[in-house]
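Here's the structure, in structure tokens; my notes come after.
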Amino acid sequence: MTRKESAVGGRGARSVPLELADRLRPVLSRRAGLALGLWGAPGIGKTHTVRELLQQTPCRSFSLHATATLPVMVRELGRAMPRQGFPAWAEALLGRLGRGEHAEGEKVASALGALLAAQAPVVLHLEDLHEAQTERFELVQQLARMTLHSKGVALLVTSRVSPPEPFSPVRLEGLDAEAVRELLHGEARAPLPEEAVRWVYARAAGNPLFTLEYFRHLARQGFLWNDGQQWRWRAPAGPDMPLTVEALIERLIQEAAAQPPVRQALEALAALSPGVPEALWARVAGLSPQALEEGPPRAAAPGPAAGSAVRPPALPRGQPPPPASAAPRGAGPQGARGPTALRPRGAAAYIEEAGLERGEALELLGRAAEQARQAGNEVQAAAL
């Protein structure tokens, strides 16, 4: 059964907490339990959104990192533990957990669930679920199943990737152009030239963190300056990206590439242009279109936030091209015929698997050799 995923955002940070607050109303009235997963790219505003949401929610709430130790979790959640009517078995188990003793995951989830239910209405927020190890990940899933049956209890997690079942996934999207304009004007404490706003929005793609980093970078480099009366602007001559943004994108790709499906997708994208049709991308990567759209590969791949200054991830030095299973026959011809769909030097590695006709293969190899010469790689050009 496919879960229905919703999305919030786009109109600015203020409206998002209000939309999520609607999901919490049955919890506040103790009519239902809730397991909600808010996910999105780094810097998109997940932590800020949850903080605003909890400040507006008229009930007890707790915010912990998803990797917090069990003793820390028990201590924080137990600060308001009821003294009367609390199950003796849960109190005893929580005491053991608080001392660092081990217990089975299901029993731990049951004890934590009982502790939360006794404080209903209550919201528990666990941040950065994507950083949790397998044992903790499974514990959070078990706790989520219990909260769904606990009226007045909500478990809210944030993550860079779509959360697992039974969480209801909600994707936090970037700001729209108007919201970005407001964010930049607030940071600059005065209106910015409209050309500067459009330049930043085209590259940051509504990511609040990237938007502010671009603004600070442009100001440091002298492309944005205030002459005492108003902000002035001149566009950079070429691709220009803050090192902080580039480092964050690189780190995200490296972390995600540790997962086999993501690595397949990124290695395929190293040979394909970022604008390639998703059906072709999926075929070259050896993934189903659904896996590419819903899974980690889509979240890890460089998107519009990277702008034109970021190249698709290259194959590691010395890394052979993906095996034939990752490049099904017939995937190559579709891309080879499109003038901008493939990078000839990368696509040449797929000729054998793609089953190109002799003329098509020679034409592609010629383009690849010419591209290698233009890049100053005469050795590769000769080999092709």
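Of all residues in the range 64-103, those satisfying the criterion of being under 14 Å from Leu143 (Cβ atoms) and touching a residue at least 60 places away in the same chain (Cβ under 8 Å) are Leu64, Ala66. Restricting to the range 56-74, give me the number of residues that are touching a helix residue (DSSP H, G or I) at 6+ places or on another chain (Cβ under 7 Å), polar (S, T, N, Q) and closer than 18 Å to His102 by Cα. Qualifying residue count, the range 56-74: 1.
Scanning the range 102-131 for residues that are in contact with a helix residue (DSSP H, G or I) (Cβ under 8 Å, 6 or more places away or on another chain), closer than 25 Å to Lys46 by Cβ and open to solvent by 20 Å² or more (accessible area, probe 1.4 Å) yields Pro121, Glu127.
Just for the range 104-120: of the residues that are among the hydrophobic types (A, V, I, L, M, F, W, C) and not in a loop (DSSP other than H, G, I, E, B), which one is nearest to Val140 (Cα to Cα)?
Only one residue fits best here, namely Ala109.
Selection of the range 6-38 for residues being in a strand (DSSP E or B) and either open to solvent by 20 Å² or more (accessible area, probe 1.4 Å) or modelled with pLDDT under 90 (or both) yields Ser6, Ala7, Val8, Gly9, Leu34.
Considering the range 260-286, and only residues there that are assigned to a loop (DSSP other than H, G, I, E, B) and modelled with pLDDT of 70 or more, the residue that is least open to solvent (accessible area, probe 1.4 Å) turns out to be Val276. Is it true that some residue in the range 68-84 is over 15 Å from Ala117 (Cα atoms), in contact with an Asp or Glu (Cβ under 9 Å, 6 or more places away or on another chain), modelled with pLDDT of 85 or more and in a loop (DSSP other than H, G, I, E, B)? Yes, the range 68-84 has at least one match. Candidates in the range 39-83 are the residues that are among the β-branched types (Val, Ile, Thr) and closer than 20 Å to Ser162 by Cα; of these, the one that is surrounded by the most Cβ atoms within 10 Å (Cβ to Cβ) is Ile44.
Scanning the range 140-161 for residues that are assigned to a helix (DSSP H, G or I) and open to solvent by less than 10 Å² (accessible area, probe 1.4 Å) gives Val140, Leu143, Ala144, Thr147.
The values are calculated or read from the model by the stated rules, or taken from the named source; none is laboratory data. These numbers were taken from a predicted model, which means no experiment stands behind them. Every residue, glycine as well, gets a Cβ built from its backbone with ideal geometry; the counts of neighbours run over all protein chains shown. Just the protein is used for accessible areas: all its heavy atoms, side chains included, with ligands, DNA and RNA removed. Shrake-Rupley method; radii C 1.70, N 1.55, O 1.52, S 1.80 Å.
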